[in-house]
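Input: a single structure, listed below in structure tokens.
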Amino acid sequence: MELNEMKGVLEGLLFVSGDEGLSNKQIKNILDIDEDAIKLLINELKYDYEHGQRGLSILEVRGIHYLTTKPDHAAYYEKMQQSNVSSRLSQASLETLAIIAYKQPITKVEMEEIRGVKCDGPVQTLMSRYLIEEAGRKDTSGRPILYQTTREFLTFFGLTSLDDLPPLTEEDLDEALLESDLFFNELAEENEKAAQ
């Protein structure tokens, strides 16, 4: 494999590893290369990011490599976060949030089986608003990420615990999801009015 191709593969691996990052040992096992080649690839990627006016960088903490955004751009990320918080949740996000609240911890594939459509966008939105978080990985093939609600979820909807959610009956999940959507919408509207 050529150097540029290996850099592309490593960049993709760092991206999909997310918050977990990758150690040299993991990179070595996946790419089947030695320590010198790993250092070369990491340094090449760092150089590309630093000298190419790119928005990403590679951070190494305690021997783990992470793909991160550049600190110089933090003001823009904060501005985006503030604009996201002020906007309402879409119907798709509310449905996904209800599924996670009732079925947590749950994988994205399991959410998609219940909703019948992809959940990538709603999951990203909910993560960016800190309403859900990763809860480890499921011990199955591919080790998919598990998701659960956060303390911010409880605070945002004015709940003291998940026990405050309306009861869910397995026989009629669609009706329960509709009820929970209405419940979440009402709570969100009440919270918006109280904040004004």
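Here is how the numbers come out for the structure above:
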read-out: Every residue from segment 58-77 that is of a type in the set (G, A, S) and either under 14 Å from L10 (Cβ atoms) or in a helix (DSSP H, G or I) (or both); value: A74, A75
read-out: Cβ-Cβ under 9 Å pairs, at least 6 apart or on other chains, segment 39-59 side touching a residue at least 40 places away in the same chain (Cβ under 8 Å), far side in a loop (DSSP other than H, G, I, E, B); value: D48/R54
read-out: Filtered residues of segment 19-57 (kept if under 24 Å from G136 (Cβ atoms) and in a helix (DSSP H, G or I)); value: D19, E20, N24, K25, Q26, I27, N29, I30
read-out: Residue list for segment 1-35, restricted to those being crowded, with 16+ Cβ neighbours inside 10 Å and charged (D, E, K, R); value: K7, E11
read-out: Y102 vs. criteria in contact (Cβ under 8 Å) with a residue 24 or more places away in the chain, outside any helix (DSSP H, G or I) and among the aromatic types (F, W, Y); value: no
read-out: Residue in segment 94-107 that is of a type in the set (V, I, T), out of contact with any His (no Cβ under 9 Å at 6 or more places or on another chain) and surrounded by fewer than 14 Cβ atoms within 10 Å (Cβ to Cβ) present; value: no
read-out: Residue that is among the aromatic types (F, W, Y), over 30 Å from L165 (Cα atoms) and at pLDDT 90 or above, where the choices are Y47, Y77; value: Y47
read-out: Out of Q53, Q148, sole residue that is open to solvent by less than 80 Å² (accessible area, probe 1.4 Å) and of a type outside the set (D, E, K, R); value: Q148
read-out: Lone unmet requirement of (1) among the hydrophobic types (A, V, I, L, M, F, W, C); (2) at pLDDT 70 or above; (3) under 21 Å from R115 (Cβ atoms) for L159; value: (3)
read-out: Yes/no for E134 being surrounded by 12 or more Cβ atoms within 10 Å (Cβ to Cβ), more than 16 Å from the chain's Cα centre (by Cα) and touching a residue at least 60 places away in the same chain (Cβ under 8 Å); value: no
read-out: Residue in segment 71-90 that is open to solvent by less than 30 Å² (accessible area, probe 1.4 Å), of a type outside the set (S, T, N, Q) and in contact with a strand residue (DSSP E or B) (Cβ under 9 Å, 6 or more places away or on another chain) present; value: no
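The values are calculated or read from the model by the stated rules, or taken from the named source; none is laboratory data. Only a predicted model underlies this, so the values are computations on that prediction, with no experimental measurement involved. Note: ideal-geometry Cβ built from the backbone for every residue, glycine included; neighbour counts use all protein chains shown. Surface areas here come from the heavy atoms of the whole protein model, side chains and all, with no ligands, DNA or RNA. Shrake-Rupley method; radii C 1.70, N 1.55, O 1.52, S 1.80 Å.
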